[in-house]
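Working notes, structure below.
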Amino acid sequence: MSRSRLAARLPGLVALGAMLAAVAVAVPYGGPGATSTAQAAPATFAHPGVLVSRPQLDFVRSRVNAGAQPWRAAFDQMMASGFASLSRTPKPRAIVECGSYSNPNNGCTDERQDALAAYTMALAWYITRDSRYAQKAIEIMDAWSAVIQDHTNSNAPLQTAWAGSTWPRAAEIIRYTYGGWSSTGINRFATMLRTVYLPEIINGNLTSNGNWELSMMEAVLGIAVFLEDQAVYDRAVARFRDRLPAFIYLTSDGAYPRGPVGSHIDTRDEIVSYWHNQTTFVDGLAQETCRDFTHTGYGIAAISHIAETMRHQGQDIYPEIQDRLRHALGFHSRYELGDPVPSWLCRGAVNRGLGPITEVAFNALSFRRGVAMTRTGQLTAQQRPAGTNYLFVAWETLTHASNPY
């Protein structure tokens, strides 16, 4: 944001932090039909602990160095991408302006891809122990933290969420596994996350399509871990629990889905419209299924990323969300694989393109928890090695395929 806007918002940010600290641990999740209460943030945060943990990274490194598949192929895919190029030059700008579908696109692609490059470099550093990759990740993060002030235009919240989901993954790996990032650089990066990113996303978005708020809460959670901010962490978890039943339907919810908690979307007609005019509801249907599978995939990816980060922080939310997540993955995988689309679903036609988003949840639910996920497993195997969607998903066969940690 501009310097004047930042100065104006700083007192509010301080007050927000105090409010969240008082509220988040005391107020139970109060969505319709809720059966659980919000968990408090960990007393001690685990690092690195945003999407990937040190044990996971050690497992990946051992598998890649042993030439084992699919990890070696996934690593080679990552290293062959432009995101791993040591000649990459970051392209920071003070104001990133993103309209609908990134039109206008003033720094939107540059920011997202520089964040993905920083994460790619961090993974490359950890696996190879070649310090050039760590230094390049630092160069990219330092370049942006020195310059960026704000995100503007209609897609600002989503742009902030996508980049804000990726930056902490890179920063966590570099800060806690490499000794060459200066305290000045770390502190400036933390200030960037708190003053440029958090204000844009911490309050969520109740009425946009659900992938927006889910991605926003993924970013808020990752930022909270990096900042070790318990109040912000609790805020993200509470809003995630509110949003999830409004994005993935289970028949146990009732005759039709829930609207986002706190929104005006609460009558059947409003919900049908919000669910892109779908009138038949079955287990695993998502709010954006009849829009397209691509945006649905963004939401599912954010859900799995949030659950994975929470697990690294000592809070395994997978048992709580398991049924929604497995049904959503199975439902969409079936049609992504080419099953005929029934007439009651999206008027008999779906827009496929789920993206490389199944690995994290498939590993968590099927490999670690032993949940049967036949169609999701077929799609996951077909897509390996899963690459990147160039937004906020990257290299998840490498990081999460058959990973026991």
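Conditions: (1) more than 30 Å from Pro257 (Cβ to Cβ); (2) surrounded by fewer than 19 Cβ atoms within 10 Å (Cβ to Cβ). Phe189 meets all but one. Number of the miss?
Just one mismatch for Phe189, condition (2).
Report every pair of residues separated by at least 6 positions or lying on different chains whose Cβ atoms are under 9 Å apart, first residue within region 203-228 and in contact (Cβ under 8 Å) with a residue 60 or more places away in the chain, second acidic (Asp, Glu).
Pairs found: Asn209/Glu288; Gly210/Glu288; Asn211/Glu288; Gly222/Glu172; Ala224/Asp234; Val225/Glu172; Phe226/Glu172.
Can you confirm whether region 381-404 contains a residue that is more than 28 Å from Tyr126 (Cα to Cα) and modelled with pLDDT of 95 or more?
Scanning region 381-404 turns up no residue that is more than 28 Å from Tyr126 (Cα to Cα) and modelled with pLDDT of 95 or more.
Do you know which of the residues in region 45-73 that are among the polar types (S, T, N, Q) and touching a residue at least 40 places away in the same chain (Cβ under 8 Å) is farthest from Ile306 (Cα to Cα)?
In the first step, residues of region 45-73 are kept if they are among the polar types (S, T, N, Q); the result is 53, 56, 62, 65, 69.
Going one step further and asking which of them are touching a residue at least 40 places away in the same chain (Cβ under 8 Å), we end up with 53, 56, 65.
Details: Ser53: 13, Gln56: 16, Asn65: 29 Å.
In this case the residue turns out to be Asn65.
So if I check each of Thr177, Thr120, Thr89, Thr184, which one is touching a residue at least 60 places away in the same chain (Cβ under 8 Å) and over 19 Å from the mean Cα position of the chain (by Cα)?
Thr177
Just one of Ile321, Ile306 is touching a Phe, Trp or Tyr at 6+ places or on another chain (Cβ under 7 Å), among the aliphatic types (A, V, I, L, M) and not in a loop (DSSP other than H, G, I, E, B); which is it?
Of Ile321, Ile306, the one residue that is touching a Phe, Trp or Tyr at 6+ places or on another chain (Cβ under 7 Å), among the aliphatic types (A, V, I, L, M) and not in a loop (DSSP other than H, G, I, E, B) is Ile306.
What are the residues in region 140-174 that are touching a Lys or Arg at 6+ places or on another chain (Cβ under 8 Å) and not small (Gly, Ala, Ser), if any?
Answer for region 140-174, where residues must be touching a Lys or Arg at 6+ places or on another chain (Cβ under 8 Å) and not small (Gly, Ala, Ser): Ile140, Asp142, Val147, Ile148, Gln149, Asp150, Gln159, Trp162, Thr166.
Of the residues His305, His276, which is in contact with a helix residue (DSSP H, G or I) (Cβ under 8 Å, 6 or more places away or on another chain) and surrounded by fewer than 24 Cβ atoms within 10 Å (Cβ to Cβ)? So that I can check it myself, show each step before the final result.
Details: His305 fails: surrounded by fewer than 24 Cβ atoms within 10 Å (Cβ to Cβ).
Criteria check complete, one pass: His276.
Would you mind telling me which numbered condition in (1) within 21 Å of the chain's Cα centre (by Cα); (2) within 25 Å of Gln56 (Cβ to Cβ); (3) surrounded by fewer than 24 Cβ atoms within 10 Å (Cβ to Cβ) Pro157 fails?
Unmet condition: (2).
State whether one or more residues within region 355-369 are closer than 23 Å to Trp212 by Cα, crowded, with 16+ Cβ neighbours inside 10 Å, aliphatic (A, V, I, L, M) and in contact with a Gly (Cβ under 9 Å, 6 or more places away or on another chain).
Within region 355-369, one or more residues are closer than 23 Å to Trp212 by Cα, crowded, with 16+ Cβ neighbours inside 10 Å, aliphatic (A, V, I, L, M) and in contact with a Gly (Cβ under 9 Å, 6 or more places away or on another chain).
Name the helices (runs of 4 or more DSSP H) wholly within region 109-212 that hold at least 2 residues that are out of contact with any Asp or Glu (no Cβ under 9 Å at 6 or more places or on another chain) and β-branched (Val, Ile, Thr)?
Output list reads 156-177, 183-192.
Does Gly353 fit the bill of being on the phi > 0 side of the Ramachandran plot, out of contact with any helix residue (DSSP H, G or I) (no Cβ under 8 Å at 6 or more places or on another chain) and not acidic (Asp, Glu)?
The answer is no for Gly353.
Looking at Pro257, Pro342, can you tell me which residue is surrounded by 17 or more Cβ atoms within 10 Å (Cβ to Cβ) and either part of a loop (DSSP other than H, G, I, E, B) or over 24 Å from the mean Cα position of the chain (by Cα) (or both)?
Numbers: Pro342 fails: surrounded by 17 or more Cβ atoms within 10 Å (Cβ to Cβ).
Sole residue among the options that is surrounded by 17 or more Cβ atoms within 10 Å (Cβ to Cβ) and either part of a loop (DSSP other than H, G, I, E, B) or over 24 Å from the mean Cα position of the chain (by Cα) (or both): Pro257.
Which residue pairs have Cβ atoms under 7 Å apart, sit 6 or more places apart or on different chains, and have a first residue in region 330-345 that is without any contact (Cβ under 8 Å) to a residue 40 or more places away in the chain and a second that is surrounded by 14 or more Cβ atoms within 10 Å (Cβ to Cβ) and in a helix (DSSP H, G or I)?
Val341/Tyr335
The values are calculated or read from the model by the stated rules, or taken from the named source; none is laboratory data. Source: prediction; values computed, not measured. So basically every Cβ, Gly included, is an ideal-geometry build from the backbone, and we count neighbours across all protein chains shown.
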